[in-house]
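The values are calculated or read from the model by the stated rules, or taken from the named source; none is laboratory data. Note that this is a predicted model, so its numbers are computed, not measured. Here Cβ is always computed from backbone atoms with ideal geometry, including for glycine, and neighbour counts include all displayed protein chains. Heads up: the accessible areas ignore ligands, DNA and RNA and are worked out on the full protein's heavy atoms, side chains in. Shrake-Rupley method; radii C 1.70, N 1.55, O 1.52, S 1.80 Å.
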Amino acid sequence: MKKILVIGAGGQIGSDLVPVLQKTFGFNNVISAGYQNDLPDHILNKGPYTYIDIRNKKQIEENIQKYNIDTIFNLASILSALAEKEYLLSYEVNFTGLINILEASKSNNVKQVMLVSSIAAFGSYTPKEMTPNDTIQNPNTIYGISKVFTELIGNYYSDKKGIDVRGIRLPGVISWKREPTAGTTDYAVDIFYKAILEKEYTCFLDKNTKLPMIYMPDAINALVNLLNAEKSQLKHKVDFNINSMSFTPKELAKSIKERIPDFKMLYKIDPLRQSIADSWPNSLDDNIAKEEWNWKAKYNINQMVDDMLYNLKLKLNK
Ligand SMILES: NC(=O)c1ccc[n+]([C@@H]2O[C@H](COP(=O)([O-])OP(=O)(O)OC[C@H]3O[C@@H](n4cnc5c(N)ncnc54)[C@H](O)[C@@H]3O)[C@@H](O)[C@H]2O)c1
């Protein structure tokens, strides 16, 4: 049985990933590492937990040794919009912090490290429609550059340093358990809270900005399936496109309005996030992930909207 350390467990994805890993591998085999007391109650109340700042390699090593860790998920990151404002902090966390994790893993016999890249790893020269898995990557954001670095350094440690490093390029992730922090696709989560509570939402992206998105259960499935995939079948390592759904703010608003008829969408464009979104793909070709580890998304936009509204209404007592 694996002994898994989930770093960044208090974030949007970690909060959903930890319960699934606990169910699959056992409560005592999943150690949740939060940052600055950010772990939610459902993690604090079940299974071992700790706090790690990935800028501190010693802290990572102490926890690997204390819990006999053989597998790490790194979800700690400074996301796109905040990274543009705080680029040196993003450098410390997304670059140096990642190296700390890989080096701590190498010196302490960690066998597998799971990383998360993003559609931000592409850029203006990348084909926008059905972006191929292996293509030109020229991001012009510090976040995007850090994701290309994540893919390349992950592949390097996998090829040259004896660690089994794997990872996916996630589209914008939509979920109800934990609110997102500072991403460019956050509108697609905020809109549900506002639709339920205020029947009106002011979107920071243009109504026709089409972006690839994924519902959290599919994102978690992708991470767990790639973790468990047969190593000999994988030609790629940290750079798998996965595709699920693509839509514009206008299309998402329409789907919500079909279920909440008095919902109204307004637009006030944020130039920073709009420019980031404009440099990202519209949709992704994920045939390589399908071939190498049988990736397949389950949710389309309407199924996602139904499930989000159902769960958020329960969460918000509405
Ligand atoms: N959410 C998305 O839409 C999305 C899309 C593509 C890729 N990703 C990637 O998925 C991963 C997880 O993202 P998320 O959505 O859960 O983000 P998040 O911002 O919700 O979580 C990131 C976590 O990292 C923690 N953190 C920040 N600085 C840290 C430090 N120095 N040491 C340790 N932890 C620190 C934060 O407290 C936070 O809990 C990231 O690599 C992100 O780039 C997310």
Lys128 being closer than 23 Å to Val224 by Cα and either more than 13 Å from the ligand (Cβ to nearest atom) or buried (at least 17 other Cβ atoms within 10 Å of the Cβ) (or both): no
Those residues of the stretch 196-234 which are over 30 Å from Arg166 (Cα atoms) and open to solvent by 40 Å² or more (accessible area, probe 1.4 Å), in sequence order: Leu197, Glu198, Lys199, Glu200, Thr202, Asp206, Lys207, Asn208
For Lys237: the one exception among (1) loosely packed, with under 15 Cβ neighbours inside 10 Å; (2) of a type in the set (D, E, K, R); (3) at pLDDT 95 or above; (4) touching a helix residue (DSSP H, G or I) at 6+ places or on another chain (Cβ under 6 Å): (1)
Enumeration of residues in the stretch 101-120 that are in a helix (DSSP H, G or I), crowded, with 23+ Cβ neighbours inside 10 Å and of a type in the set (Ser, Thr, Tyr): Ser105
Selection within the stretch 70-116 - farther than 21 Å from Leu152 by Cα, more than 15 Å from the ligand (Cβ to nearest atom) and either small (Gly, Ala, Ser) or touching a helix residue (DSSP H, G or I) at 6+ places or on another chain (Cβ under 7 Å) (or both): Asn108
Test set (1) of a type outside the set (Val, Ile, Thr); (2) assigned to a helix (DSSP H, G or I); (3) within 16 Å of the ligand (Cβ to nearest atom) - Gly123 fails condition number: (2)
Leading residue by the ranking (nearest to Gly162 (Cα to Cα)) among those in the stretch 23-49 that are open to solvent by 20 Å² or more (accessible area, probe 1.4 Å) and within 11 Å of the ligand (Cβ to nearest atom): Tyr35
Candidate set: the stretch 159-177, residues that are within 8 Å of the ligand (Cβ to nearest atom) and under 13 Å from Ala121 (Cα atoms); chosen: the one modelled with the lowest pLDDT: Gly172
Residue check, Leu234 among the aliphatic types (A, V, I, L, M) and within 26 Å of Lys177 (Cβ to Cβ): no
Residues of the stretch 242-269 satisfying the condition of being over 24 Å from Thr131 (Cα atoms), open to solvent by less than 40 Å² (accessible area, probe 1.4 Å) and assigned to a loop (DSSP other than H, G, I, E, B): Ile260, Phe263
Subset of the stretch 178-193 that is crowded, with 18+ Cβ neighbours inside 10 Å and away from the ligand (no atom under 12 Å from the Cβ) - its residue that is nearest to Val18 (Cα to Cα): Phe192
Near pairs, Cβ below 9 angstrom, 6+ apart or cross-chain, from the stretch 291-318 (surrounded by 12 or more Cβ atoms within 10 Å (Cβ to Cβ)) to any residue that is part of a helix (DSSP H, G or I) and of a type in the set (Phe, Trp, Tyr): Val305/Phe192; Met308/Phe192; Leu309/Phe192; Leu312/Phe192; Leu312/Tyr193; Leu316/Tyr193
